[in-house]
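Chemist: Encoded as structure tokens, here's the structure I'll be asking about.
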Amino acid sequence: MGGGASKAKKQATASEVVPEASAAAANAGTSSKIEELTAQAKVAAEANPDNLCAKTLLEAEVQTWMATLPAAKLDELALCAKSGLDNHDSGLGCYAVDPANYDELAPFFDRVCEGYHHGGGKVHTTNWSLDGVEGLPEDGQLDLQKLGLGKELSMRVRVGRNLTAFPLPGLMTKADRVNFEKTMLKAFDVLKANPDYGGNVFSMTPNDVWSEVTGEAENPNLISADKYQELVDAHVMFKDMAADPYLASAGIASDWPCGRGCYQSADGGFIIWFGEEDQLRIMCMAKGFVLNAVFDRLHTALQAVEAIDGIAFATSTKYGYVTSCPSNLGTGMRASVHVAVPNLTSDGTDAKAKAAAKPLGLSVRGMGGEHTPIGKDGTIDLSPSSRLFITEAEIVTKLYNGIKLLLEKEAEAQE
């Protein structure tokens, strides 16, 4: 009896060694991962002191917090930070890969968001109503003709949205991307059946991948390479994401072109991109003068999309609508116009326009978006910079007043 008890005790002792060894190995692996991230962050921060991702990873509080993370969460943090650590010239440098990241990795993302948005502990609120918005004209109409503009402008308002049912694009598998597209087809069918929208779906998912994932013989909405380029040239479809090093490092451009495409309404003015930096980029665009037209149509369209069965947008109690890039959190909205400022661009660049726009809280891009050239006539893409801790109504009103102020700068540049 005594020998049996002794044998059992030896077996118990031996079995305890295994989890202890496993724990030690896990701790060693975690420490190694933290050391690797820290080393990469130091190199990135030295190359670019304004790389917000790298700076945040090196903060003492974040370093202490990282040591408490289980290996799986540390790996997820590394994925979120990969773009900024690979591309040292990044300004913000990180992308969430799951809607839960903003809560589960809050010690990192809260600091990044504060560093970028300067919220000071604010909580985001959503409000599309123009009633009482500061700077709104008395008649409530954001009519650019009142500012002296006589030629119709290209106006666009878009928002980024992600569904709760899928990871964010940086963590999506090829199958996730195609299944997401198939999920959205049900929503697009509802829009196509609505006389206010109608339209078509244009997909880039190859037939062999579509068949492999869905079991269906072919992709019913597949377009040719020529049709894709035609849509890109018309600013209806987005460009090849695989060519973007920031999105490639973040995993957002992976599996291109699977699960990528767009829906466009019959009149061409309402577009939904799927499979871009966010799962959905939903936008309204038109040529005209009254910003209310595209703003109101987008709001109505968003309500129609979200009312469709199976569509639930991911949100955060602190940050509003969840987006891959922390810069787009909150409204996820970008309201923009193409406006000519030939005096501010007389040197052939947008440098002076950017310098004039920045103090006004405005961003300047080329006509095709970031890192694209301005128009030959000095046309730039102008939009308010803020997305978070500002309402949708405030953004579109800020665009109107920002155009007014920039046109004053343009007139001064002529003198």
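Chemist: Sorted by mean Cβ packing within 10 Å, highest first, what order do the peptides 236-242, 347-353, 292-298 take?
Modeler: 292-298, 236-242, 347-353
Chemist: List the residues of segment 196-231 whose backbone N lies under 14 Å from a point placed 7 Å from the Cα of T372 along the Cα-to-Cβ direction.
Modeler: 229-231
Chemist: Continuing with this model, one more query. Going 7 Å from the Cα of W65 in the Cα-to-Cβ direction, what parts of segment 35-51 have a backbone nitrogen less than 14 Å from that spot?
Modeler: Within reach of a label on W65: no residues.
Chemist: Which whole-number percent is the relative contact order of segment 24-94 (Cα, under 8 Å, 6+ apart)?
Modeler: Relative contact order of segment 24-94: 38 percent.
Chemist: Right, something else. Accessible surface of K42 in the full protein assembly, 1.4 angstrom probe, to the nearest 10 Å²?
Modeler: Accessible area of K42: about 120 Å².
Chemist: How far apart, in nm, are the 7 Å Cα→Cβ label points at K174 and D309?
Modeler: Result for the modelled spin labels: 3.2 nm.
Chemist: Cα gyration tensor of the chain, axes a ≥ b ≥ c as square roots of the eigenvalues: rounded (a/c below 1.5), prolate (a/b > b/c) or oblate?
Modeler: Taking the square roots of the gyration eigenvalues as a ≥ b ≥ c, the chain is prolate.
Chemist: Please list 3J(HN,Hα) in residue order for segment 120-129, calculated via the Karplus relation 6.51 cos²θ - 1.76 cosθ + 1.60 where θ = phi - 60°; whole Hz, with x for glycine and proline.
Modeler: Computed from phi, the couplings for segment 120-129 are x, x, 5, 10, 6, 10, 9, 7, 8, 6 Hz.
Chemist: Still on this structure: Rounded to the nearest whole Å², what accessible area per residue is found for the chain with the 1.4 Å probe?
Modeler: 45 Å²
Chemist: Determine how large the accessible area of S31 is when every protein chain is in place; take a 1.4 Å probe and give Å² rounded to the nearest 10.
Modeler: For S31, solvent-accessible area is about 60 Å².
Chemist: Using Cα-Cα distances under 8 Å and only pairs 6 or more residues apart, what relative contact order does segment 360-415 have, in percent?
Modeler: 30 percent
Chemist: Work out the length of the dipole vector of segment 24-94 about its Cα centre, built from +1 on the beta-carbon of each Lys and Arg and -1 on the beta-carbon of each Asp and Glu, and round it to the nearest 20 debye.
Modeler: Value, rounded to 20: 140 debye.
Chemist: Separate question: At a Förster distance of 25 Å, what's the computed FRET efficiency of V232 paired with N200, Cβ-Cβ distance as r, to 0.05?
Modeler: The value I calculate is 0.95.
Chemist: Under the rule of -39500 (n - 2.57) per DSSP H run of 4 or more residues, summed and divided by the residues of the chain, what mean residue ellipticity at 222 nm is obtained, to the nearest 500 deg cm²/dmol?
Modeler: One gets -14000 deg cm²/dmol as the mean residue ellipticity at 222 nm.
Chemist: Can you figure out the FRET efficiency of D103 with T183, using R₀ = 22 Å and their beta-carbon distance, to the nearest 0.05?
Modeler: 0.35
Chemist: In whole percent, and with a 1.4 Å probe on the protein chains, what portion of the accessible area of the chain is carbon and sulfur?
Modeler: Answer for the chain: carbon and sulfur cover 52 percent of the accessible area.
Chemist: Is any helix in the chain, taking whole DSSP H runs, at least 18 angstrom long along its axis by alpha carbon and on average at least -0.5 on the Kyte-Doolittle scale, and which ones?
Modeler: 2-47, 71-86, 174-193, 291-306, 392-414
Chemist: What's the ranking of 324-330, 85-91 by average number of surrounding C-beta atoms within 10 Å, highest first?
Modeler: Per-residue Cβ counts within 10 Å, averaged per peptide and sorted highest first, yield 324-330, 85-91.
Chemist: Could you work out the relative contact order of the chain, using alpha carbon pairs under 8 angstrom and six or more residues apart, expressed as a whole percent?
Modeler: Averaging sequence separation for qualifying contacts and normalising by length gives 18 percent for the chain.
Chemist: Right, another one. Using 1/(1 + (r/R0)^6) with R0 = 41 angstrom and r between the beta carbons of A72 and Q145, what's the FRET efficiency to the nearest 0.05?
Modeler: Efficiency, rounded to the nearest 0.05: 0.15.
Chemist: Label segment 24-94 by shape, choosing from rounded, prolate and oblate, from the square roots a ≥ b ≥ c of the eigenvalues of the Cα gyration tensor; if a/c is under 1.5 it is rounded, and otherwise prolate applies when a/b is larger than b/c, oblate when it is not.
Modeler: Since a/c reaches 1.5 and a/b is larger than b/c, the shape of segment 24-94 is classed as prolate.
Chemist: Classify segment 169-277 as rounded, prolate or oblate from the Cα gyration tensor: take a ≥ b ≥ c as the square roots of its eigenvalues, call it rounded if a/c is under 1.5, otherwise prolate when a/b beats b/c and oblate if not.
Modeler: oblate
Chemist: Picking from V157, V213, V396, which is most flexible by a Gaussian network model of the chain using Cα springs under 10 Å?
Modeler: Largest GNM mean-square fluctuation: V213.
The values are calculated or read from the model by the stated rules, or taken from the named source; none is laboratory data. No experiment lies behind these values; they were computed from the predicted model shown. Don't worry about glycine lacking a Cβ; one is built from the backbone with ideal geometry, like all the others, and counts go over all protein chains shown. When the accessible area is computed, the model is the full protein with side chains, heavy atoms only, and any ligands, DNA or RNA have been set aside. Shrake-Rupley method; radii C 1.70, N 1.55, O 1.52, S 1.80 Å.
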